[in-house]
1. Taking a quarter of the surface of the Cα convex hull of region 56-132, what do you get in nm²?
2. Quick one: 3J(HN,Hα) in Hz for region 82-92, Karplus 6.51/-1.76/1.60 with θ = phi - 60°, rounded, Gly and Pro as x.
3. Tilt of helix 116-131 relative to the longest C-alpha principal axis of the chain, in degrees (0 to 90, nearest 10)?
4. On average, how much accessible surface per residue is there in the chain, in Å², for a 1.4 Å probe, leaving out ligands, DNA and RNA?
5. If I fit a long axis through the Cα atoms of helix 323-341 and take the longest principal axis of the Cα atoms of the chain, what angle between them do I get, 0 to 90°, rounded to 10?
6. Amide H neighbours of residue 238 under 5 Å, counting only residues 5+ apart in sequence or on other chains, H built in-plane at 1.01 Å?
7. Out of the total accessible area of the chain (probe 1.4 Å, heavy atoms of protein only), what percent is carbon and sulfur?
8. Taking the Cβ of residue 328 as the centre, find all other residues whose Cβ is under 11 Å away and add up their charges (Lys, Arg: +1; Asp, Glu: -1).
Amino acid sequence: MDKRIRNILIGPLAFAVAIFLLQNIFGFKAAVTVGLVVWMGLWWILRPVDIAVTSFLPIAINALFDLIPAGHVISQYFSEIVVLLVGSDIISLTWTNTGLDKRLAVKALCFIGTDIKQQILVWLCAATLLSTVLPNVVVAMIMLPIASAMLRFSGLNDSMITKISVPIYLAVAWGSGVGGFGSPIGSSANLTAVSYLEGITGHEFMYVDWMGRFIPILLLVLVLNAVFLLIIPTPIKKLSDTKEYFAKLNMELGKMQKGEWIGLILFSFATLAAFARPLFADLLPAMRPAYVFFFCGMLCFVLKDGKGNMMVDWKQVEKELMWGMFFLFAGGLALGKMVTETGAAQKMAELITTLPLSGGLETMGIFVTFTTFLAEISSNTASASISIPVVQSISQEMGLNPVPYVLVTIVAFNCAYVLPVSTRAIPVSYGLEPGVMFKYGIMLTMANIIMNSVVGYLVVKFLPVFYQI
């Protein structure tokens, strides 16, 4: 049998087997959804069809089996996050038109240097730091175009760029994800967690208390991420040209032109507006970061560069916008919506209550594994909304203080690495193979589950000040 045909058939066959095995435990609709998770995961990894095509499966399967209201699925394909991606991508097109992408790439190489390990660490730390205060998706969309441009203008051939880009793109994707639990505003899921914690304790959970507890754990997670990234093999240790060459090239570029300034100002304005959202939220309550990026993207169609040309036109947008990325991201959101609304996630949670838990290391491990799995197949926010009340309920039924278990759960839903869902879909659109992400992501996920479980257990046993809030 042809390999592609075999890979095509594996998905629906696994889907059917999952339904057959699980429908008596989960119920039919939830079993179908779990089967869909398996099907999409296999097709994303094996790629018998384009990854964007796989992302449309939630629409087709939901229509076939009538699992949840169709509007709940279809609405994910132009959700607020997709709006943000569209706006950001349009602005990025102006960088190519004006040469700003080359200028930023050269600047990055001058600043970071040409050593590959140094590059990996800088991109990882920068993404982690930014994502403590910015939405994870925004951070990835800010950094990946610059990283991509840097590699494109480094003088390497396409094959070499593909190999070198793996740890760099993963550094941005993973850093954008894990940095989210560095502060309450790093992810909307964190605000969900704060709400639950305040309900448990009966008083306000201060942001400074959050950072005091999670920054040390974030540093441990960051070190673990760095170790995994640095052991990924790369064909060369340094980029082909020296740092001095890039400094010279930077000088030869001369002064920035009007078009470059417009592209930079629009992107910078949108980014700063995401930071400054609290300052104008009361005045413009609907102007969330996604719509600021989209608004700035729309301006690109009416503004002209210094040569009298439009910053971008619709024909270019039709041809060059990363449509596959939007659908890939949206497909993950739609899948997460189905996992939640069909009750599949709740059924998984109910199975946990049947396990013989004592409140020790095995309990912490089960909670962390369950939460991480949810984050892999849905979004951080969905994972938080499902896992936290489950963890709280089970721990209280066992006569335990739920606070430390909820705190460790927060770490878990910010540590997902495997499937091209949510923020992890963005580097895939820049050329990162889903199979490569799965290969390294599954190992890092297992390591994170072990580390977070052990750290959580030790904190509960020996560091009560951690959960006295």
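1. That works out to 8.1 nm².
2. With the stated coefficients, region 82-92 comes to 5, 4, 4, 5, 4, x, 5, 5, 4, 4, 5 Hz.
3. Helix 116-131 sits at roughly 70 degrees to that axis.
4. 42 Å²
5. 10 degrees
6. Distant-sequence amide H within range of residue 238: 116.
7. 67 percent
8. Counting the neighbours of residue 328, the net charge comes to 0.
The values are calculated or read from the model by the stated rules, or taken from the named source; none is laboratory data. Because the structure is predicted, anything quoted here is derived from the model rather than measured. Cβ atoms come from the backbone with ideal geometry, glycine included; neighbour counts cover every protein chain shown. Please note that ligands, DNA and RNA were not included when accessible areas were found on the heavy atoms of the full protein model with its side chains. Shrake-Rupley method; radii C 1.70, N 1.55, O 1.52, S 1.80 Å.
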